[in-house]
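Report on one structure; see the data block that follows.
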Amino acid sequence: MEPISRRQALLLGALGTGGVVAGALGLARAGAPGGSGTGPGDDSTPRLAGGADLVEPEELSSTGGRLRVELTMAEAEVDVGGRRARLLTYNGTVPGPTLRLRPGDTLQVRLVNQLDAPTNLHVHGLHVSPEGNGDNPFLSIEPGEAFDYEFVLRADHPTGTFWYHPHRHGHVADQIFGGLYGAIVVEDDLPMSRERILIVSDLSLEADGSVSRPTMQDQMMGREGSIVLVNGQVRPRVTAAPGERQRWRVINACTSRHLLLDLADQPVDLLGVDLGRSASLRAAEGVLLAPGNRADLLVTPRAGRAPWRALPYDRGGMGMGMGMGMGGAPGPDSADLAILEVSGATVEPPPLPAATAPADLRTVEPARRRLITFTMGMGMGGGMSFGFDDRSFDPARTDQEIVAGTVEEWTLDNPTPMDHPFHLHVWPMQVVESDGEAVADPMWRDVVEVPAGGSRVVRIAFDDFAGRSVYHCHILDHEDAGMMGVVDVRPAR
């Protein structure tokens, strides 16, 4: 693996030991530009048309405490950088519509499956029931079927940026890579000049416009597409006036690609990652989003033109100690995400109210401590096997049995040569330790990046809901290959 560059070391050092990257999300390992992305020097994919104004997804907002929507999943012809492509869509668009809610709302979704494969729906990051027609990962909606979901948000539900996508085991990576994803916003009252939804995804296309099928090596490493999109567009243009405070809700909807975000020399602060606000603003240079992570960015731009890029990041490979001789993961590469153009009269941004300090579980004695280990090895037929604690996913097996209402401490150990983002459904995690070092400030995540050879310690309050759900690697090819476990939260006897 390439060492971190001097520039990134300086950026990360500026964040301190409690900084976003140096804490819960892991140190960025920078490499040389190139590889399979859409950045300069990439000749593997025809140059697609970019530079059109950013188009944000259709928004559907709750009224009277309720939002009812119908989402139809079907293949449709979509424009991708001037090329016609056949992608998987919600209601004919990529991304699907943005669902805007407030704490205490009820979201009702009728999901209609017009795909040729089974599917379901996961509301990623929402703290809602995993049972019945809630955020139930064990449901399977077959081709031609429809299903009615209901998600009830508690009155104290965290605000923030969340997202929805399919979660039918064995089909997750294909369906998200094909275009099935959309944003969920649980609103707060923070004053902003403008808010933007920015969903970053990637894909690869064949000459006929169909989505490329992954090779076995793509699946073992986690596929990365040769085309990087923002809201389904190639390098769109984002406009602003000088001083106009914009809130960028950024979602990493890539199946495997990590995003080390960089907006040149424009002033960007970090409101939070995944859910809620941090106790204080931090400069957002060097923020790393693993697949599934979201960043809430505060952009107060200066006049000029600046590229918004994902810098090179090396997430490891298959060769270290595996006996595989297969080289590293795709990349490291860079990607041009968008262009920020700032012009016009200067705007005075509204004052920003102070944030409420996040809850802190470090004063609570855990009811139980667990060690969960990422494991990879040789599988049947010469491929790789993926799992936790040397076991591949089995939906009939319970891997972790939890007593509802308790706080647990989990050590996430990654002895493998690849990064693995750890996602737990329903119950958010507070990162308390990073590679043996205490994290200074409370960091709440629902995706925790665990770097190759590293570890993270998290505390989880299994409050409000009982039921069976899952935890898994958010490199979605790894999840589909078995790197997923079952958690069963049961009422105290």
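The values are calculated or read from the model by the stated rules, or taken from the named source; none is laboratory data. Fair warning: this is a prediction, and the values are worked out from it, not measured in the lab. Backbone-built Cβ (ideal geometry, glycine too); neighbour counts: all protein chains shown. Just so you know, the surface numbers come from the protein's heavy atoms only, side chains and all, with ligands and any DNA or RNA stripped out. Shrake-Rupley method; radii C 1.70, N 1.55, O 1.52, S 1.80 Å.
When the stretch 254-310 is filtered for residues that are open to solvent by 10 Å² or more (accessible area, probe 1.4 Å), touching a residue at least 40 places away in the same chain (Cβ under 8 Å) and of a type in the set (Lys, Arg), the ones remaining, listed by number, are Arg277, Arg282, Arg302, Arg309. As for the stretch 234-248, it holds no residue that is out of contact with any Asp or Glu (no Cβ under 8 Å at 6 or more places or on another chain), touching a residue at least 12 places away in the same chain (Cβ under 8 Å), buried (at least 23 other Cβ atoms within 10 Å of the Cβ) and not in a loop (DSSP other than H, G, I, E, B). If you go through the stretch 127-141 and keep only what is out of contact with any Pro (no Cβ under 9 Å at 6 or more places or on another chain) and in contact (Cβ under 8 Å) with a residue 12 or more places away in the chain, you end up with Val128, Ser129, Glu131, Asn133, Gly134, Asp135, Leu139.
Can you tell me which residues in the stretch 108-165 are of a type in the set (Phe, Trp, Tyr) and within 21 Å of Gly65 (Cβ to Cβ)? Let's see the steps before the verdict.
Pass one, the stretch 108-165, residues of a type in the set (Phe, Trp, Tyr): 138, 147, 149, 151, 162-164.
Selection gives Tyr149, Phe151, Phe162, Tyr164.
For the stretch 103-128, the set of residues classified as closer than 22 Å to Ser204 by Cα and surrounded by 19 or more Cβ atoms within 10 Å (Cβ to Cβ) consists of Leu115, Thr119, listed by residue number. For residues in the stretch 333-381 being assigned to a loop (DSSP other than H, G, I, E, B) and of a type in the set (S, T, N, Q), which is least open to solvent (accessible area, probe 1.4 Å)? The extreme case among them is Ser334.
Here's the yes/no breakdown for (1) open to solvent by 20 Å² or more (accessible area, probe 1.4 Å); (2) at pLDDT 95 or above; (3) among the aliphatic types (A, V, I, L, M):
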residue: Ile4; (1), (2), (3): yes, no, yes
residue: Arg7; (1), (2), (3): yes, no, no
residue: Thr45; (1), (2), (3): yes, no, no
residue: Ala52; (1), (2), (3): yes, yes, yes
residue: Arg66; (1), (2), (3): yes, yes, no
residue: Leu71; (1), (2), (3): no, yes, yes
residue: Leu101; (1), (2), (3): no, yes, yes
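Considering the conditions (1) surrounded by fewer than 20 Cβ atoms within 10 Å (Cβ to Cβ); (2) of a type in the set (D, E, K, R); (3) more than 22 Å from Met429 (Cα to Cα), Glu131 is excluded by exactly one of them, (3). Arg490: on the phi < 0 side of the Ramachandran plot, of a type outside the set (Ser, Thr, Tyr) and open to solvent by 20 Å² or more (accessible area, probe 1.4 Å), yes or no? Answer is yes for this residue. Test Val457 against the criterion of being assigned to a strand (DSSP E or B), at pLDDT 95 or above and in contact with a Ser or Thr (Cβ under 7 Å, 6 or more places away or on another chain), and give yes or no. Yes. Contact annotation: no residue pair with Cβ atoms under 9 Å, 6 or more positions apart or on different chains, pairs a residue in the stretch 161-182 that is without any contact (Cβ under 8 Å) to a residue 40 or more places away in the chain with a partner that is open to solvent by 10 Å² or more (accessible area, probe 1.4 Å) and among the charged types (D, E, K, R).
Among the criteria (1) touching a Ser or Thr at 6+ places or on another chain (Cβ under 6 Å); (2) modelled with pLDDT of 95 or more; (3) closer than 25 Å to Leu275 by Cβ; (4) open to solvent by 40 Å² or more (accessible area, probe 1.4 Å), the one Asp389 does not fulfil is (3).
Scanning the stretch 438-471 for residues that are at positive phi and open to solvent by less than 10 Å² (accessible area, probe 1.4 Å) yields a single hit, Gly467.
Anything in the stretch 277-299 that is of a type outside the set (A, V, I, L, M), touching a Ser or Thr at 6+ places or on another chain (Cβ under 9 Å) and modelled with pLDDT of 95 or more? List them, or say none. Break it down stepwise before answering.
So in the stretch 277-299, the residues of a type outside the set (A, V, I, L, M) come out as 277-278, 280, 282, 285-286, 291-294, 296.
From what is left, the residues that are touching a Ser or Thr at 6+ places or on another chain (Cβ under 9 Å) are 277, 291, 294, 296.
Answer for the stretch 277-299, where residues must be of a type outside the set (A, V, I, L, M), touching a Ser or Thr at 6+ places or on another chain (Cβ under 9 Å) and modelled with pLDDT of 95 or more: Pro291, Arg294, Asp296.
Scanning the stretch 73-90 for residues that are in contact (Cβ under 8 Å) with a residue 24 or more places away in the chain and open to solvent by 30 Å² or more (accessible area, probe 1.4 Å) returns Glu75, Glu77, Gly82, Arg83, Arg84, Arg86, Leu88.
Restricting to the stretch 158-174, name every residue that is among the polar types (S, T, N, Q) and crowded, with 24+ Cβ neighbours inside 10 Å. Can you show your working first?
Let us first name the residues in the stretch 158-174 that are among the polar types (S, T, N, Q), namely 159, 161.
Listed by number, the list holds a single entry, Thr161.
Scoring Met429 on the criteria (1) surrounded by 21 or more Cβ atoms within 10 Å (Cβ to Cβ); (2) at positive phi; (3) free of Cβ contacts under 8 Å to residues at least 40 places away in the same chain leaves a single failure, condition (2). Being charged (D, E, K, R) and in contact with a Pro (Cβ under 7 Å, 6 or more places away or on another chain) is the filter; apply it to the stretch 403-418 and report the residue that is most open to solvent (accessible area, probe 1.4 Å). Among those residues, the one meeting the criterion is Glu409.
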